[in-house]
Amino acid sequence: MTFSIWPVTVGRVPEAAVYGPPSVQQTLGGLPVVASFLDQLGVAAIIDGLCPIRDVALATHGQVIEAMIANRLTSPAPLVRVIDWAREWAVEHCFGIAPEVLNDDRLGRALDAIAPELDQIAGTVGIAAIQQFGLDVSRVHWDMTSISLYGAYPEVDQEYATPKFGHPKDRRRDLKQIQTGIGTSADGGIPIFHRAYDGGAAEVSQVTGAMTALQEIAGERTFLLVGDSKLIS
């Protein structure tokens, strides 16, 4: 606790002591940098425009997702008890959102809200980054990875990738997984294309669809493709 006391003359009893507010110690880390980039890209505004919420809500979906992005960039651990991270880090100071808002249920509702709009959100944010920083997108890097999941997942939404057993990159064959592929600009590493796949999907079978989609995005008649041995299948 920090405090101040009025000056006292030797031999004289002080009349009063004035205490300041209790000090608070929180980790700042890269939060200001993350918050600045998110603000420049208008991430919260983009999400809130596509996924509005009632005015009485304690935080918008955009604010919650921005806090989750900051969590992924500063403490990439399993996405549970984010509220504890928010209390330890200066989240309220940097993002204006109380830690108590970031409970597990609220994070889940935000993720459910943006799921149908992911392509639009990612595309709009990507364009904002390209324009904001003047990036060259004539060359794109594409790769796939797996994300291992805990849980049985007996009921799944058929509109989205299904968790299944497969060949995980982290060698956790005891866990179900989903697979994801992402295309980023060689300049700046900005994601401009992404797809999620079932956990049991063969990686080589996804190449043709991904390359066709990227070619349509590029709008170019000429197309140079460089790949490893899996490309020839």
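Details
- Pair list, Cβ < 7 Å and 6+ apart or interchain, from segment 146-172 residues that are of a type in the set (G, A, S) to residues that are exposed (fewer than 12 other Cβ atoms within 10 Å of the Cβ): S148/D170
- Qualifying residue in segment 74-94 (condition: surrounded by fewer than 18 Cβ atoms within 10 Å (Cβ to Cβ) and closer than 21 Å to A128 by Cβ): no
- In segment 120-140, the qualifying residues are those that are closer than 24 Å to L225 by Cα, within 21 Å of the chain's Cα centre (by Cα) and not hydrophobic (A, V, I, L, M, F, W, C), and the one that is surrounded by the most Cβ atoms within 10 Å (Cβ to Cβ) is G126.
- Residue in segment 29-42 that is on the phi < 0 side of the Ramachandran plot, free of Cβ contacts under 8 Å to residues at least 12 places away in the same chain and assigned to a loop (DSSP other than H, G, I, E, B) present: no
- Of the set (1) surrounded by 16 or more Cβ atoms within 10 Å (Cβ to Cβ); (2) closer than 22 Å to D112 by Cβ; (3) aliphatic (A, V, I, L, M); (4) in contact with a Ser or Thr (Cβ under 7 Å, 6 or more places away or on another chain), all apply to A161 but (4).
- Segment 54-149 holds helices (runs of 4 or more DSSP H) entirely within its bounds, and those carrying 1 or more residues that are of a type in the set (S, T, Y) and either closer than 30 Å to Y197 by Cβ or assigned by TED's automatic domain parsing to the domain that holds S23 (or both) map to 61-74, 118-133.
The values are calculated or read from the model by the stated rules, or taken from the named source; none is laboratory data. Given the structure is predicted, the values throughout are model-derived calculations rather than measurements. Virtual Cβ from ideal backbone geometry, glycine too; neighbours counted across all protein chains shown.
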